[in-house]
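Read the structure below first, then the notes.
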Amino acid sequence: MAHFRPTASSKDRMTTLPNPRESRTVRPAGRFSGRLGGLFRLARTATTVAALTVAATQLAGCFPVLAGAMAGGVTLATDRRPTGTQAIDRGLQLEAENTLNSRYNGQARVSVTVYNRKVLLTGEARNNEVRQQVEQYVRGLPNAREVIDELEIVSSPSFATQSQDTYITSKVKTLLITTEGIPSNSIKVVTEKGVVYLMGVVTLAEGDRATDVARNAGGVVKVVKTFDYISEAERARLDAAASSQNPPPGESGSNVPAQPAPLSPPDTPAPGATASPVTAPVSSPVALPPGRNLP
């Protein structure tokens with residue numbers, strides 16, 4: 001393959017403007033222009049990527065976002081919930097959030113989190129009557145198997161602490177991702193006024209490890225565990241089923257839905273953390289309420 005070597009004529013094509021910083025190179029014409037054009041574009045792309053990488057490392061607050069983005073690409077492949085249950089969770093969360101936001105606007109600030117058809121309600125309600133109405137509505141949804149009501153009664157619901165809570169959630173998620181032995185993609189993190197709620201399908205050891213990591217994160221007031229616990233044998237089976245029904249790109253795999261077995265009894269809560277009673281996770285996909293499209 002012939003390699004292009006600059007000649008005297010090609011060197012003369014360097015044009016220098018009055019401002020030295022505005023020097024530019026005119027691409028040579030001829031049979032080498034296409035090849036060099038590709039090299040110029042490649043160099044420009046590499047420079048842009050390098051600049052973005054350096055900028056990201058200078059912004060401490062951006063690291064959790066970047067880590068979350070990298071983890072998001074493999075969430076589906078390692079989530080222990082069957083794909084049907086994941087779809088139901090998304091539909092149930094949209095159904096509840098849209099209704100509550102429109103029905104109780106100004107009376108309550110409710111965040112709805114759903115995992116394995118278990119619904120966690122966090123936020124604030126103006127009075128106990130509004131809180132009871134919210135909980136009653138969510139319990140009546142066809143696909144909600146359990147409701148955990150953590151709403152607080154305040155005279156004027158506000159959004160003052162949401163920014164700090166979002167930062168704590170990102171920090172905890174990043175720590176879970178970077179800690180060995182924690183199935184971070186099978187754990188959901190929610191923060192409300194510094195209280196971190198952990199949801200997911202985990203073993204006792206995984207739950208304890210995740211709780212310790214979350215408790216040691218800066219700004220965390222308390223950790224509340226709402227896990228669905230499984231045995232080691234169930235963990236291995238669910239992980240194998242998740243891999244088979246969500247094979248990596250370019251690989252074939254059978255679409256076998258995971259069927260979670262009855263759960264093991266929860267452990268004794270560690271200091272600073274509480275555990276709620278759990279029931280068996282959904283064993284088969286349940287039809288979504290009519291009239292709702294999944295995202």
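Yes or no: SER184 more than 25 Å from THR85 (Cα to Cα), open to solvent by 10 Å² or more (accessible area, probe 1.4 Å) and of a type outside the set (Val, Ile, Thr)? It would help to see each step written out before you state the result.
On the way: more than 25 Å from THR85 (Cα to Cα): no; open to solvent by 10 Å² or more (accessible area, probe 1.4 Å): yes; of a type outside the set (Val, Ile, Thr): yes.
No: the conditions fail for SER184.
Determine whether the stretch 164-174 contains at least one residue that is closer than 14 Å to THR122 by Cα and either acidic (Asp, Glu) or not in a helix (DSSP H, G or I) (or both).
Yes - at least one qualifying residue is present in the stretch 164-174.
Yes or no: the stretch 123-132 includes at least one residue that is closer than 27 Å to ASN216 by Cα and either out of contact with any Asp or Glu (no Cβ under 8 Å at 6 or more places or on another chain) or not in a loop (DSSP other than H, G, I, E, B) (or both).
Step one: filter the stretch 123-132 for residues closer than 27 Å to ASN216 by Cα, giving 123-124.
Okay, now just the ones that are also either out of contact with any Asp or Glu (no Cβ under 8 Å at 6 or more places or on another chain) or not in a loop (DSSP other than H, G, I, E, B) (or both), so 123-124.
Yes, some residue in the stretch 123-132 is closer than 27 Å to ASN216 by Cα and either out of contact with any Asp or Glu (no Cβ under 8 Å at 6 or more places or on another chain) or not in a loop (DSSP other than H, G, I, E, B) (or both).
Would you check which residues across the stretch 160-181 are among the polar types (S, T, N, Q) and either surrounded by fewer than 16 Cβ atoms within 10 Å (Cβ to Cβ) or over 26 Å from THR85 (Cα atoms) (or both) and list them? Walk me through it before giving the result.
Here is the first cut: in the stretch 160-181, the ones among the polar types (S, T, N, Q) are 161-164, 166, 169-170, 174, 178-179.
Once the filter is applied, which keeps residues that are among the polar types (S, T, N, Q) and either surrounded by fewer than 16 Cβ atoms within 10 Å (Cβ to Cβ) or over 26 Å from THR85 (Cα atoms) (or both), the stretch 160-181 yields THR161, GLN162, SER163, GLN164, THR166, THR178, THR179.
Among the numbered criteria (1) surrounded by fewer than 22 Cβ atoms within 10 Å (Cβ to Cβ); (2) more than 26 Å from ILE230 (Cβ to Cβ), which one does ARG90 miss?
All conditions pass for ARG90, except number (2).
Say whether the condition of being open to solvent by less than 30 Å² (accessible area, probe 1.4 Å), more than 27 Å from PRO82 (Cβ to Cβ) and touching a strand residue (DSSP E or B) at 6+ places or on another chain (Cβ under 9 Å) is met by at least one residue in the stretch 193-203. Spell out how you get there, then give the answer.
Taking the stretch 193-203 first, the residues open to solvent by less than 30 Å² (accessible area, probe 1.4 Å) are 194-203.
Filter once more, keeping what is more than 27 Å from PRO82 (Cβ to Cβ): 194-195.
Narrowing the set further to residues that are touching a strand residue (DSSP E or B) at 6+ places or on another chain (Cβ under 9 Å) leaves 194-195.
There is at least one residue in the stretch 193-203 that is open to solvent by less than 30 Å² (accessible area, probe 1.4 Å), more than 27 Å from PRO82 (Cβ to Cβ) and touching a strand residue (DSSP E or B) at 6+ places or on another chain (Cβ under 9 Å).
Please find, within the stretch 204-223, the residue that is farthest from ILE168 (Cα to Cα) out of those that are among the hydrophobic types (A, V, I, L, M, F, W, C) and either open to solvent by less than 10 Å² (accessible area, probe 1.4 Å) or in a loop (DSSP other than H, G, I, E, B) (or both).
Filtering the stretch 204-223 down to residues among the hydrophobic types (A, V, I, L, M, F, W, C) leaves 204-205, 210, 213-214, 217, 220-221, 223.
Right, trim to either open to solvent by less than 10 Å² (accessible area, probe 1.4 Å) or in a loop (DSSP other than H, G, I, E, B) (or both) and you get 210, 214, 217, 220-221, 223.
On the way: ALA210: 15, ALA214: 9, ALA217: 8, VAL220: 7, VAL221: 10, VAL223: 12 Å.
Per the stated criteria, the residue is ALA210.
Would you mention how many residues in the stretch 134-159 are part of a helix (DSSP H, G or I) and open to solvent by less than 70 Å² (accessible area, probe 1.4 Å)? Let's see the steps before the verdict.
Looking only at the stretch 134-159, we keep the residues that are part of a helix (DSSP H, G or I), and these are 134-139.
Now drop any that are not open to solvent by less than 70 Å² (accessible area, probe 1.4 Å), which leaves 134-135, 137-138.
The total comes to 4.
Within the stretch 102-110, identify whether any single residue is assigned to a helix (DSSP H, G or I) and over 20 Å from the mean Cα position of the chain (by Cα), and answer yes or no.
yes
Being open to solvent by 70 Å² or more (accessible area, probe 1.4 Å) and at pLDDT below 50: is that true of PRO265 here?
Working: open to solvent by 70 Å² or more (accessible area, probe 1.4 Å): yes; at pLDDT below 50: yes.
Considered against the rule, which asks whether it is open to solvent by 70 Å² or more (accessible area, probe 1.4 Å) and at pLDDT below 50, PRO265 comes out as yes.
Which condition does ASN116 not pass, out of (1) open to solvent by 20 Å² or more (accessible area, probe 1.4 Å); (2) of a type in the set (S, T, N, Q); (3) on the phi > 0 side of the Ramachandran plot, if it passes all the others?
(1)
The values are calculated or read from the model by the stated rules, or taken from the named source; none is laboratory data. What you see is a predicted model; the values in this text were computed from it and never measured. As a convention, Cβ positions derive from the backbone with ideal geometry for all residues, glycine included, and neighbour counts pool all protein chains shown. SASA here: full protein model, heavy atoms, side chains in, ligands and nucleic acids out. Shrake-Rupley method; radii C 1.70, N 1.55, O 1.52, S 1.80 Å.
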